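Novice: Here's a structure for you.
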Amino acid sequence: MDRIILHSDCNSFYASVECLHRPEIRDKPVAVGGDVEQRHGIILAKNDHAKKYNIKTGEALWQARQKCPDLVIVPPRFELYQRFSKLCHQIYLDYTDQVEPFGLDESWLDVTAAGADGVNIAHEIRERIKYELGITVSIGVSYNKIFAKLGSDYKKPDAVTEISRANYQEIAWPLPAGDLLYVGSATRRKLESYCKRTIGDLACTPEKTLKGWFGKWGSVLYAFANGYDLSPVSRYDDREEVISIGNSTTTPRDLMDNEDVKIILYVLADSVARRLREHGCKGRTISISVRDNQLNSFVRQHTLSNYTNITAEIAQAGMELFIKHYYWQCPIRSLGISISDLVSDSAPLQLDLFGDGQEQLRRERLDTTVDGLKRRFGTKAVRPAVLLQDTALSGIDPKKDHMIHPVGYF
């Protein structure tokens, strides 16, 4: 028997919550935007009235105002959005304990055990959220997570779309390949270079050919496009398991050279390393995300030979990745760094035969001591010299002020 998977997506989530709490702006074009003074001046969400002016998520606030001079821009209130996200989760949990959040506004549900029609359950959830919380959701219903997410995106707002074995070629295959989960802009452009523009084009390409183009990732794309995804929906109580820790930030100003990047990466690495130590773990696979001021972005990763939770080691690994892969075509607007492949810091680890285990232990103890000082006197109480070169650039506090990366699909 096929599984019954739902994917629920809160429509224009941040903007919808803001309009719910501010009745005077409900009938106006509204966008939630970042702090212009802190350079987070982009559109985070917009309501349906703003969409009529072609306001796009991720564009600069000044660009949005050019399209719509009467646009109402309100600052984000993440604590409020987190509260509404939890209220949605409580409704989902009335139907199943297999609820897997994907960011604040999206969740997968496996309602197979409920033994009822998935479309009826989806409509019931949609109606409950509308009348109990005052916002709307669009829900996809399918036999796997990938097509369920496509379904929630297919018709908005306040809608239910079923993508079944009988109709997936009719509904999913004509969609752009970029609509498929984890097909980013670089993958989409590469597919287009081979004249593969739709999900159907991708599905009908031999798996061997896709592996030749993308390596192992080609097999994943082939499975996703053909509906072969078998990944389970995690149980809600298991959601706190940490599989990666990361931070990213929009920088206070454009980064112009490697010295600027070094400052930001160290600040972010400090936040990541402190979280690792708080969770009592170490990691080995370092990832960086880079976005330039033309909004072109990429992600690169590297696996270290040893596990670490030392700030300087994480920062150095991130910097080496950046230097290897970025050629300064444009200034940098935002950076991120994360670490995965985590193990407990009490687990026995193989030391490098030619390494200095005592030096690593000394650096770990130093970082732990500094953590205690920062807890008592604030993040800026103890700072390395590299951060004093540009205090305006290094003045951010990602551990306090910035969102942690959500757990990824895999």
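Novice: Assess whether Thr308 counts as being under 18 Å from the mean Cα position of the chain (by Cα) and in contact (Cβ under 8 Å) with a residue 24 or more places away in the chain.
Specialist: Taking the combined requirement at face value, the residue does not satisfy it.
Novice: Which condition from (1) more than 22 Å from Ala385 (Cα to Cα); (2) in contact with a Pro (Cβ under 8 Å, 6 or more places away or on another chain) is the one that Met256 breaks?
Specialist: If we test Met256 against (1) more than 22 Å from Ala385 (Cα to Cα); (2) in contact with a Pro (Cβ under 8 Å, 6 or more places away or on another chain), just (1) comes out false.
Novice: When only residues in the stretch 245-265 that are under 21 Å from the mean Cα position of the chain (by Cα) and modelled with pLDDT of 90 or more count, which is farthest from Asp341 (Cα to Cα)?
Specialist: Taking the candidates together, the pick is Ile264.
Novice: Oh, and also: Of (1) aliphatic (A, V, I, L, M); (2) at pLDDT below 75; (3) under 16 Å from Ser271 (Cα atoms), Leu393 satisfies all except one. Which?
Specialist: Single failed check for Leu393: (2).
Novice: Out of all the residues in the stretch 319-337, which are within 19 Å of Ser394 (Cα to Cα) and either of a type in the set (A, V, I, L, M, F, W, C) or touching a Phe, Trp or Tyr at 6+ places or on another chain (Cβ under 9 Å) (or both)?
Specialist: Just the residues of the stretch 319-337 that are within 19 Å of Ser394 (Cα to Cα), to begin with: 319, 322, 331-337.
Those that are within 19 Å of Ser394 (Cα to Cα) and either of a type in the set (A, V, I, L, M, F, W, C) or touching a Phe, Trp or Tyr at 6+ places or on another chain (Cβ under 9 Å) (or both): Met319, Phe322, Ile332, Leu335, Ile337.
Novice: Same structure, new question: Applying the selection to the stretch 181-196, what residues are among the charged types (D, E, K, R) and either closer than 22 Å to Lys145 by Cβ or touching a Leu at 6+ places or on another chain (Cβ under 7 Å) (or both)?
Specialist: Arg188, Lys196
Novice: Taking the residues in the stretch 197-231 that are within 26 Å of the chain's Cα centre (by Cα) and in a loop (DSSP other than H, G, I, E, B) as candidates, determine which candidate is farthest from Ile4 (Cα to Cα).
Specialist: Result: Gly215.
Novice: Inside the stretch 285-295, can you point out the residues that are under 14 Å from Leu255 (Cβ atoms) and not in a strand (DSSP E or B)?
Specialist: From the stretch 285-295, those under 14 Å from Leu255 (Cβ atoms) are 288-294; that's our starting set.
Within the stretch 285-295, Asn293, Gln294 meet the criteria.
Results for (1) touching a strand residue (DSSP E or B) at 6+ places or on another chain (Cβ under 7 Å); (2) at positive phi; (3) of a type in the set (D, E, K, R), shown as yes or no for each residue.
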| site | (1), (2), (3) |
| --- | --- |
| Leu191 | no, no, no |
| Thr198 | yes, no, no |
| Ala203 | no, no, no |
| Glu207 | no, no, yes |
| Trp213 | no, no, no |
| Trp217 | no, no, no |
| Val220 | no, no, no |
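Novice: Among the residues of the stretch 334-346, which ones are assigned to a strand (DSSP E or B) and among the aliphatic types (A, V, I, L, M)?
Specialist: The first filter runs over the stretch 334-346 and keeps only residues assigned to a strand (DSSP E or B), leaving 334-340, 343-344.
Across the stretch 334-346, the qualifying residues are Leu335, Ile337, Ile339, Val343.
Every residue, every condition in (1) modelled with pLDDT of 95 or more; (2) farther than 29 Å from Gly318 by Cα; (3) surrounded by fewer than 19 Cβ atoms within 10 Å (Cβ to Cβ); (4) of a type in the set (Val, Ile, Thr), yes or no:
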{"residue": "Thr209", "(1), (2), (3), (4)": "yes, yes, yes, yes"}
{"residue": "Trp217", "(1), (2), (3), (4)": "no, no, yes, no"}
{"residue": "Pro232", "(1), (2), (3), (4)": "no, yes, yes, no"}
{"residue": "Arg235", "(1), (2), (3), (4)": "no, yes, yes, no"}
{"residue": "Glu240", "(1), (2), (3), (4)": "no, no, yes, no"}
{"residue": "Ile243", "(1), (2), (3), (4)": "no, no, yes, yes"}
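Novice: Continuing with the same structure: Could you tell me whether any residue of the stretch 73-90 is within 21 Å of Gln294 (Cα to Cα) and of a type in the set (D, E, K, R)?
Specialist: No, the conditions are met nowhere in the stretch 73-90.
Novice: Shifting gears a bit: Are any residues in the stretch 192-213 closer than 17 Å to Tyr168 by Cβ and among the acidic types (Asp, Glu), and if so, which ones? Walk me through it before giving the result.
Specialist: In the first step, residues of the stretch 192-213 are kept if they are closer than 17 Å to Tyr168 by Cβ; the result is 198-205.
Listed by number, the list holds a single entry, Asp201.
Novice: Please go through the stretch 144-170 and pick out each residue that is over 18 Å from Ile4 (Cβ atoms) and in a helix (DSSP H, G or I).
Specialist: Asp153, Gln169, Glu170
Novice: Mind listing whichever residues of the stretch 308-333 are of a type in the set (S, T, N, Q) and either assigned to a loop (DSSP other than H, G, I, E, B) or surrounded by fewer than 21 Cβ atoms within 10 Å (Cβ to Cβ) (or both)? Working first, answer last.
Specialist: Narrowing the stretch 308-333 to residues of a type in the set (S, T, N, Q): 308-309, 311, 316, 329.
Within the stretch 308-333, Asn309, Gln316, Gln329 meet the criteria.
Novice: Is it true that Val141 is in a loop (DSSP other than H, G, I, E, B) and surrounded by 16 or more Cβ atoms within 10 Å (Cβ to Cβ)?
Specialist: Working: in a loop (DSSP other than H, G, I, E, B): no; surrounded by 16 or more Cβ atoms within 10 Å (Cβ to Cβ): yes.
No: the conditions fail for Val141.
Novice: Would you confirm whether or not the stretch 126-138 contains a residue that is in a strand (DSSP E or B), touching a Cys at 6+ places or on another chain (Cβ under 7 Å) and of a type in the set (A, V, I, L, M, F, W, C)?
Specialist: So far as the stretch 126-138 goes, yes, one or more of its residues are in a strand (DSSP E or B), touching a Cys at 6+ places or on another chain (Cβ under 7 Å) and of a type in the set (A, V, I, L, M, F, W, C).
The values are calculated or read from the model by the stated rules, or taken from the named source; none is laboratory data. Not measured: the values here are computed from a predicted model. Glycine gets a Cβ as well: all are built from the backbone with ideal geometry, and neighbour counts include every protein chain shown.
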